[in-house]
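Everything on this sheet refers to the single structure shown next.
The values are calculated or read from the model by the stated rules, or taken from the named source; none is laboratory data. This is a predicted model, so every value here is computed, not measured. Counting neighbours? That spans all protein chains shown, and the Cβs are built from the backbone with ideal geometry, glycine included. Side chains are part of the model used for accessible areas, which takes the heavy atoms of the whole protein and leaves out ligands, DNA and RNA. Shrake-Rupley method; radii C 1.70, N 1.55, O 1.52, S 1.80 Å.
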Amino acid sequence: MSRSRWARGVLVLIVVLAAGGGIWTFVAESEAAGEVVVLNPEGESGTALVVYHPGLSGYVPEVVGAFADGLLEEGWRVERVPAGARAPTDLSRYELLVLGSPTYWWTPARPVSRYVERVGNLEGKPVAVVVTASGQVERSRALLEGQVRDAGGELVLSLPLTVWRPNVDGDPRPNEEVARELAGRAGREVAAGLGENR
Ligand SMILES: Cc1cc2nc3c(=O)[nH]c(=O)nc-3n(C[C@H](O)[C@H](O)[C@H](O)COP(=O)(O)O)c2cc1C
């Protein structure tokens, strides 16, 4: 094969991969529609708003769901909604805001960042962040923590969970199972901690 033909082939491959990556990212970052779902409406220990970006694989809804289960176990009312146009920005009814985000190109998912921008001033609201990634979660976690602090939120928890990288070194169980356990425990601890201050 001639050199120029080879070079053209490589160029086409690069363009196709870039386009594919671009489409993949566009789909992943697309804002999800969805109503607020209320869990344990009678819960009296506190009320939490859980705003999350569902992503593509179902990992985020699963671990955010486990975190919410921890709150429910402590008698909290939980309102859950994708980070989109229907996510409430008036937080006066909530004792806790939970943000759940995947990592896209080392950054929190745009719908979650845009949601925090729409809220504007978090007015000292307690905020827990759950950030997921295949393995490289640190940068996006730090970015979301920083955005919460800059918006005046009180960061009460920051939980990184990974799909591929072990969440607990040496734990023989499936990584997803470990992630769910860590998320549930974190939900219980945050609820108990905030419950004491009420
Ligand atoms: C467009 C795109 C970009 C991603 N970028 C990263 C990344 O920079 N670092 C990383 O560890 N994982 C990355 N991931 C993996 C996701 O963070 C991981 O699968 C996530 O926790 C669940 O999101 P998902 O359900 O949308 O895949 C990326 C996934 C997608 C779809």
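Details
- Whichever residue in segment 1-47 is touching a residue at least 60 places away in the same chain (Cβ under 8 Å) and not in a loop (DSSP other than H, G, I, E, B) and, among such residues, is surrounded by the fewest Cβ atoms within 10 Å (Cβ to Cβ): Thr25
- Residue within segment 61-78 that is part of a strand (DSSP E or B) and surrounded by 14 or more Cβ atoms within 10 Å (Cβ to Cβ) present: yes
- Some residue of segment 96-103 being more than 13 Å from the chain's Cα centre (by Cα), open to solvent by less than 50 Å² (accessible area, probe 1.4 Å), within 16 Å of the ligand (Cβ to nearest atom) and not hydroxyl-bearing (Ser, Thr, Tyr): no
- Pro88 satisfies every condition listed in (1) within 16 Å of the ligand (Cβ to nearest atom); (2) at pLDDT 90 or above except (1).
- Scanning segment 113-141 for residues that are farther than 22 Å from Gly70 by Cα, within 13 Å of the ligand (Cβ to nearest atom) and of a type outside the set (Asp, Glu) yields Ser134, Gly135, Gln136, Val137, Arg139, Ser140.
- Some residue of segment 175-190 being within 13 Å of the ligand (Cβ to nearest atom), open to solvent by 40 Å² or more (accessible area, probe 1.4 Å) and either part of a helix (DSSP H, G or I) or out of contact with any strand residue (DSSP E or B) (no Cβ under 7 Å at 6 or more places or on another chain) (or both): yes
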